[in-house]
1. Any chance you could count how many residues in segment 19-28 are exposed (fewer than 14 other Cβ atoms within 10 Å of the Cβ) and touching a helix residue (DSSP H, G or I) at 6+ places or on another chain (Cβ under 8 Å)?
2. Based on this model, can you work out whether Asn50 counts as assigned to a helix (DSSP H, G or I), free of Cβ contacts under 8 Å to residues at least 60 places away in the same chain and either surrounded by fewer than 16 Cβ atoms within 10 Å (Cβ to Cβ) or of a type outside the set (A, V, I, L, M) (or both)?
3. Filter segment 67-85 down to the residues that are part of a helix (DSSP H, G or I) and either modelled with pLDDT under 90 or surrounded by 20 or more Cβ atoms within 10 Å (Cβ to Cβ) (or both) and list them by number.
4. Could you tell me which residue of segment 18-46 is nearest to Val89 (Cα to Cα), considering only residues that are assigned to a helix (DSSP H, G or I) and more than 13 Å from the chain's Cα centre (by Cα)?
5. With exposed (fewer than 14 other Cβ atoms within 10 Å of the Cβ), out of contact with any Phe, Trp or Tyr (no Cβ under 9 Å at 6 or more places or on another chain), at pLDDT 90 or above and not basic (Lys, Arg) as the only criterion, which of Val31, Val11, Val38 stands out?
6. Kindly list, by first and then second residue, each pair from a residue in segment 53-66 that is in a helix (DSSP H, G or I) to a residue that is small (Gly, Ala, Ser), limited to pairs with Cβ atoms under 6 Å and residues at least 6 apart or on different chains.
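The values are calculated or read from the model by the stated rules, or taken from the named source; none is laboratory data. Since we're looking at a predicted model, the values are computed, not measured. Here the Cβ positions follow ideal geometry from the backbone for every residue, glycine too, while neighbour counts run over all protein chains shown.
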Amino acid sequence: MDQAVRTMNSVKELGINLAIDDFGSGTSSFVALHRFPVDVLKVDRSLVQNIEHSSGEAALLHALVGMARNLNMSLVAEEIESANQMLAVQQLGCEFMQGFYFTKPMSAEKLVDFLRKDSKLDMEFQSDSQQLTSRRSSGFQNS
């Protein structure tokens, strides 16, 4: 595990953020949260799938939001597929989301076209750094 941590630190020194994907599934570990130099936790879909109907899922996600904040990590809720899921996740304090509710997967070229044409997005494009950030009018933030 020490070699993995050294490798991850080398990658971070290049300015690359690291994420743990599918956190909350059977393969993730709380040990990784304090040992690995991770910037982002991507919450497994199993914790948001029935979020608007399950107090257990809501409690787990709420706890993960607090834990991520305390560890200075961003938290991304994966596979948001409805407005109700988005609102429930937002109300629990999760700022970042991804899923079919927002758009289907697309190439980088189609993404740029989509962001330029979508009137629901308030875009800021910094051509000098080629960095694109957007915010949905409902308060959603792309990650």
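1. The initial filter retains those residues of segment 19-28 that are exposed (fewer than 14 other Cβ atoms within 10 Å of the Cβ), namely 25-27.
Next, only the ones that are touching a helix residue (DSSP H, G or I) at 6+ places or on another chain (Cβ under 8 Å) stay: 25.
So the answer is 1.
2. Details: assigned to a helix (DSSP H, G or I): no; free of Cβ contacts under 8 Å to residues at least 60 places away in the same chain: yes; either surrounded by fewer than 16 Cβ atoms within 10 Å (Cβ to Cβ) or of a type outside the set (A, V, I, L, M) (or both): yes.
For Asn50, the condition - assigned to a helix (DSSP H, G or I), free of Cβ contacts under 8 Å to residues at least 60 places away in the same chain and either surrounded by fewer than 16 Cβ atoms within 10 Å (Cβ to Cβ) or of a type outside the set (A, V, I, L, M) (or both) - is not met.
3. Taking segment 67-85 and keeping what is part of a helix (DSSP H, G or I), we get 67-70, 83-85.
Within segment 67-85, Ala68, Gln85 meet the criteria.
4. Taking segment 18-46 first, the residues assigned to a helix (DSSP H, G or I) are 30-35, 45-46.
Then drop every residue that is not more than 13 Å from the chain's Cα centre (by Cα), which leaves 30-35, 46.
Details: Phe30: 21, Val31: 25, Ala32: 24, Leu33: 21, His34: 24, Arg35: 27, Ser46: 13 Å.
Filtering first and then ranking leaves Ser46.
5. Checking each option against the conditions leaves just Val11.
6. What qualifies is Val65/Gly93.
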